[in-house]
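Since the structure comes first, as C-alpha cells, the remarks are kept for the end.
Here, each number is a calculation from the coordinates, and none is a lab measurement. Predicted model only: the values in this text are computed from it and were never measured. As a convention, Cβ positions derive from the backbone with ideal geometry for all residues, glycine included, and neighbour counts pool all protein chains shown.
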Amino acid sequence: MKDDPSLPANARFETRAIHVGQDFRSETGAVIPPVYLTSTFETGNPGNFDYTRSGSPNFRNLQSTLASLESAKHCTVFASGVSSISAIAFSLKAGDVILSEANIYGCTYRLFERMLRKFGVEIHYTDLANPANYAEIERLKPTLVWLESPTNPLLKILDITAISDAAHSVGSTVVVDNTFASSLIQRPLELGADISQLSTTKYTNGHSDALGGAVCTNSDEWQDKMIFAQKAIGLQPSPFDSWLVSRGVKTEAVRMERHCSNALELAKRLEARPGVKQVRYPFLPSNPQYELARKQMSGGSGMMLADTGLSYDAALAFMRKLHLFTQAESLGGVESLVAHPASMTHASVPKETREAVGITDGLVRFSVGIEHVEDLWEDIDRALSQSL
Ligand SMILES: *Cc1c(COP(=O)(O)O)cnc(C)c1O
C-alpha cells in the first residue's frame with residue numbers, strides 16, 4: 001500500500017502530480033486508488049483510521065499529492081476553500097490580530113467581518129502592494145498576515161518574499177491564498193510564506209465538479225492545528241470529492257500551461273483592440289507589476305480583466321452575446337467563464353467606492369478555459385463588435 005517505490009527523489013511537478021499519493025491500491029492492483037465510501041473503520045486497522053471525519057484513505061492520498069506539489073511537509077484537506085480558511089481563522093483566539101491585504105476574496109472578508117470579529121479577533125486591512133504599508137506589520141505585530149496573489153478581482157501581485165521577511169521580523173505567520181495562481185505556477189512556501197491555502201475547487205481540480213480546500217505548511221504546530229480543525233470543527237471533505245480532486249490534479253500542469261497561453265494571447269489581442277480601455281493580466285508586459293509577477297510566478301494563470309469601456313448595461317449585454325464564456329461565479333475549470341464584478345461580486349459596494357479601486361461598470365473578468373484560443377478570440381471579437 002505504498003507510493004510507487006521507483007519514483008526518483010528529484011521527480012518533477014508533472015510526474016509527482018500523477019505518482020505521489022497513490023496508496024491503498026496494492027490489494028487489488030487497481031491502477032487508480034478506489035474511493036472509500038465508508039463513514040467508519042474497524043478498530044486496529046493497519047492504516048490507523050477510525051472515523052471519516054478525522055481521516056480517510058482518500059484524504060491521505062490527496063494530502064500527500066498536494067504537500068508534494070506545494071513543496072510542503074504537511075497538507076490537510078477540507079470541504080471547500082472557505083472551510084480551509086475557517087480552519088486557519090478558527091485556530092485563533094480572542095485578542096489575536098490579523099493584518100489582511102485589503103483586496104481579498106469576498107467570502108474571506110465576510111468570514112473575517114461577520115464571524116471571526118464576534119469572537120474577539122481584531123482584523124485590519126491595508127494595501128500590501130505598496131511597500132510603505134509594510135510599516136503596518138511592524139506597528140501591529142499581527143498574529144497572521146493574510147494575503148492572496150494575484151488578488152481577486154483586481155489581479156494585484158503582492159511580493160510574497162518581501163512581505164514574509166517583514167512579517168517574520170515581528171514573529172507573524174504569513175498565510176497566502178494560492179488559489180488564483182495554482183501550485184504549478186506559484187509555491188508560496190518556497191517564497192517564504194508559512195502557510196499556503198487553496199480552494200482546490202478551482203485550478204487544482206479544474207473540472208468544476210467538486211468543492212475542496214487545502215492548507216499546506218512546513219510547521220508541525222500549524223499542522224497539528226489543521227488536523228484538529230478538520231475533525232473538531234467538522235470541516236472534512238467527502239471522500240468522493242477528495243477522489244475527484246485527486247483525479248483532477250493529475251492534469252494540473254497541462255491544463256495550467258494552456259490556461260496561461262490562452263489568457264496571455266487573449267489579453268494581448270484585447271489590449272490591441274480599439275475601444276477596449278485597459279486590460280490587466282499578470283504576464284502582460286504593460287502590467288506595472290510584470291517584473292514582480294515574473295519573479296514569483298512561472299505563468300500568468302488563467303484570470304484576465306478587461307475594462308471594455310462599456311456602460312453597466314452594455315457590459316452585461318456583451319457578456320450575454322458570448323457563446324463560449326458562461327456567465328458564472330468561480331474560475332479555474334477547463335471551460336471559460338465570464339463575470340461582471342460590478343453586478344456580481346461587488347454589487348453591494350457603492351459605485352464610487354468600487355470605482356475608486358478600479359471596479360468600473362465596464363470591467364469584465366474572464367476565467368479563460370482551455371478551449372482553442374482562436375475559437376475563444378472569435379467569440380470575444382464578435383461579441384465586442386456587436387457591443388462597442
Ligand atoms: C473560490 C475561492 C475561495 C473559496 O473557495 P470555495 O471552494 O468556493 O469555498 C477562496 N479564495 C479564493 C481566492 C477563491 O477564488
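Per residue of the chain, the DSSP helices (runs of n ≥ 4 H) give a summed -39500 (n - 2.57) that works out to -10000 deg cm²/dmol at 222 nm. Springs between Cα atoms under 10 Å define the GNM used for the chain, and in it the highest mean-square fluctuation of Arg114, Arg247, Arg258 occurs at Arg114. The phi torsions of segment 197-204, fed into the Karplus equation with coefficients 6.51, -1.76 and 1.60 and a -60° offset, translate into couplings of 10, 10, 8, 6, 3, 8, 5, 4 Hz, rounded to whole numbers, with Gly and Pro shown as x.
The P(r) of segment 179-252 has a tail past 13 Å containing 67 percent of all C-alpha pairs.
Largest GNM mean-square fluctuation among Glu257, Glu355, Glu14, using the chain with Cα springs under 10 Å: Glu355.
Taking only the Cα atoms of segment 293-388, the radius of gyration and Dmax are 13.7, 39 Å. Positive end of the dipole of the chain (Cβ unit charges, origin at the Cα centre): among Leu363, Ala314, Gln386, the Cα lying farthest that way belongs to Ala314. Three principal axis extents describe the C-alpha atoms of segment 235-371; from largest down they are 44, 33, 29 Å.
A viscosity of 0.890 mPa s and a temperature of 25 °C, combined with the Kirkwood radius over C-alpha pairs in the Stokes-Einstein formula, give segment 5-147 a diffusion coefficient of 134 µm²/s. Here the dipole of segment 253-385 is about 260 debye; that uses its Cα centre as origin and unit charges on the Cβ of Lys and Arg (positive) and Asp and Glu (negative). The angle between the Cα long axis of helix 57-69 and the longest principal axis of the Cα atoms of the chain comes to about 60 degrees, rounded to the nearest 10. Comparing segment 76-178 with the 2.2 N^0.38 Å rule of thumb, its C-alpha radius of gyration ratio is 1.00 (two decimals).
Taking a ≥ b ≥ c as the square roots of the eigenvalues of the Cα gyration tensor, segment 203-307 is prolate, since a/c reaches 1.5 or more and a/b is larger than b/c.
Applying the Karplus relation 6.51 cos²θ - 1.76 cosθ + 1.60 with θ = phi - 60° to segment 209-216 yields 3J(HN,Hα) values of 10, 7, 10, x, x, 8, 10, 10 Hz, where x marks Gly and Pro. When restricted to Cα atoms, segment 272-348 yields an Rg and a Dmax of 13.9, 38 Å, respectively. Percent relative contact order of the chain, based on C-alpha pairs within less than 8 angstrom and at least six residues apart? The value is 16 percent.
A simple charge model with +1 on the Cβ of Lys and Arg, -1 on the Cβ of Asp and Glu and nothing else charged puts the dipole of segment 13-249 at about 440 debye relative to its Cα centre. Note on segment 253-385: lysine pairs with Cα distance below 26 Å, sequence gap of 8 or more or different chains, count 6. For the chain, find the longest principal axis of its Cα atoms and tell me its angle to the long axis of helix 239-249, 0 to 90°, nearest 10. Long axis of 239-249 versus the principal axis of the chain: about 60 degrees. With viscosity 1.002 mPa s and temperature 20 °C, the Kirkwood radius over alpha carbon pairs of segment 13-249 converts through Stokes-Einstein to a diffusion coefficient of 119 µm²/s. When each of the peptides 298-306, 334-342 is scored by the mean number of other C-beta atoms lying within 10 Å of its residues, the order from highest to lowest reads 298-306, 334-342.
Computed over neighbours whose Cβ is under 11 Å from that of Asn218, the net charge equals -4, Lys and Arg +1, Asp and Glu -1. Per residue, the convex hull spanned by the alpha carbons of segment 19-97 comes to 141 Å³.
Largest GNM mean-square fluctuation across Arg25, Arg255, Arg16, computed for the chain with C-alpha springs under 10 Å, falls on Arg25.
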